[in-house]
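Peer 1: Below are the structure tokens for one structure; questions will follow.
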Amino acid sequence: MSLNLGDPAPSFSLPNSEGKLVSLADFAGQWLVIFFYPRDNTPGCTTEACGFRDHYDRLQGAGVALLGINTDNEKSHQKFINKYNLPFPLLCDSDAAVATRYESYGLKKFMGKEFMGIFRKSFIIDPSGNIAKIYPKVKPANHSEEVLTDLTALQGTAAH
């Protein structure tokens, strides 16, 4: 199976850093950005999350919700949120089932070793719950600006 633009976003219910379940259905009728990232408190992931933090007011102003997802646990997420003042929920996909449905989990290679892990990949979900944009290979440094630019264009087209 391959996810494509216009496909319904795979549904999910995952615990946030406080153990409260957050579901795709909670965001029905609004734009949603989901970013999958490998690990809390690692350089690239911190850069990416802080970029979204720095643009969070603009996202909220555009009526866009934001979720970060990886396989780390609630305690790790809470530390990451507190350390960097992240204003958006981070969800715990402990068995990588949601990341797998979003084609964001699989075999990775690092320093000659192979292992299973989360791919840095993002999605924009439209108010109807369909995939409006897929970012298959995210570069953490400018990703939040790229998402904002694309959201502006997508929301402009959706309005007409």
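The values are calculated or read from the model by the stated rules, or taken from the named source; none is laboratory data. This structure is a prediction, so every number in the text was calculated from the model and none was measured. We place every Cβ from the backbone using ideal geometry, glycine too, and count neighbours over all the protein chains shown. In case anyone asks, the SASA skips ligands and DNA or RNA and just uses the protein heavy atoms, side chains included. Shrake-Rupley method; radii C 1.70, N 1.55, O 1.52, S 1.80 Å.
Peer 1: What's the magnitude of the charge dipole for the stretch 29-116 around its Cα centre, counting Lys and Arg as +1 and Asp and Glu as -1 at the beta-carbon? Answer in Debye, nearest 20.
Peer 2: Rounded to the nearest 20 debye, it is 200 debye.
Peer 1: Would you mind checking which residues have amide H under 5 Å from F12's amide H? H placed 1.01 Å from N; only 5 or more apart, or other chain.
Peer 2: L24, A25
Peer 1: Would you kindly derive the ³J(HN,Hα) couplings of the stretch 5-11 from the backbone phi angles with the Karplus curve 6.51 cos²θ - 1.76 cosθ + 1.60 (θ = phi - 60°), listing them in order in whole Hz, with x for Gly and Pro?
Peer 2: 3J(HN,Hα) across the stretch 5-11, in whole Hz: 4, x, 5, x, 5, x, 6.
Peer 1: Next up: State the antiparallel share, in %, of DSSP beta bridges confined to the chain, rounding to the nearest 5.
Peer 2: For the chain, the DSSP antiparallel bridge percentage is about 70.
Peer 1: Over the chain, what relative contact order in percent results from Cα pairs under 8 Å that are six or more residues apart?
Peer 2: Relative contact order for the chain comes out at 31 percent.
Peer 1: Quick check of the Kirkwood formula: for the stretch 32-121, what is the inverse mean of 1/r over all pairs of different Cα atoms, in Å?
Peer 2: Value: 13.5 Å, from the Cα pair sum.
Peer 1: Sticking with this structure for a sec: Skipping prolines and chain starts, which residues have an amide H placed within reach, meaning under 5 Å, of the one on L66, given they are 5 or more residues away or on another chain?
Peer 2: Those qualifying (amide H under 5 Å, at least 5 residues apart or on another chain) are V33.
Peer 1: I'd like the per residue volume of the convex hull spanned by the Cα atoms of the chain, given in cubic angstrom.
Peer 2: 108
Peer 1: Hey, rough spin-label estimate for T42 and S11, points 7 angstrom out along Cα→Cβ, what's it come to in nanometres?
Peer 2: 3.2
Peer 1: Next up: Tell me, what is the per residue accessible area of the chain in Å², probe radius 1.4 Å?
Peer 2: 51
Peer 1: OK, next. Report, to the nearest whole %, how much of the accessible area of the stretch 1-158 belongs to carbon and sulfur atoms, 1.4 Å probe, protein only.
Peer 2: Carbon-and-sulfur percentage of accessible area, whole number: 53.
Peer 1: Show that you can apply the helix-only estimate: for the chain, add -39,500 (n - 2.57) for every DSSP H stretch of four or more residues, divide by all residues, and state [θ] at 222 nm to the nearest 500.
Peer 2: Value at 222 nm, helices only, nearest 500: -9500 deg cm²/dmol.
Peer 1: Taking only Cα atoms and a 10 Å spring cutoff, compute GNM fluctuations for the chain and point out the largest among L21, L67, L90.
Peer 2: With Cα springs under 10 Å in the chain, the top fluctuation among L21, L67, L90 is at L21.
Peer 1: From the phi angles alone, apply the Karplus equation (6.51, -1.76, 1.60; θ = phi - 60°) to the stretch 110-123 and give each ³J(HN,Hα) in whole Hz, x where the residue is Gly or Pro.
Peer 2: 8, 6, x, 9, 10, 7, 8, x, 7, 8, 6, 8, 10, 9
Peer 1: Note down the magnitude of the dipole of the chain about its Cα centre, charges +1 on Lys and Arg C-beta and -1 on Asp and Glu C-beta and zero elsewhere, to the nearest 20 debye.
Peer 2: It works out to roughly 460 debye.
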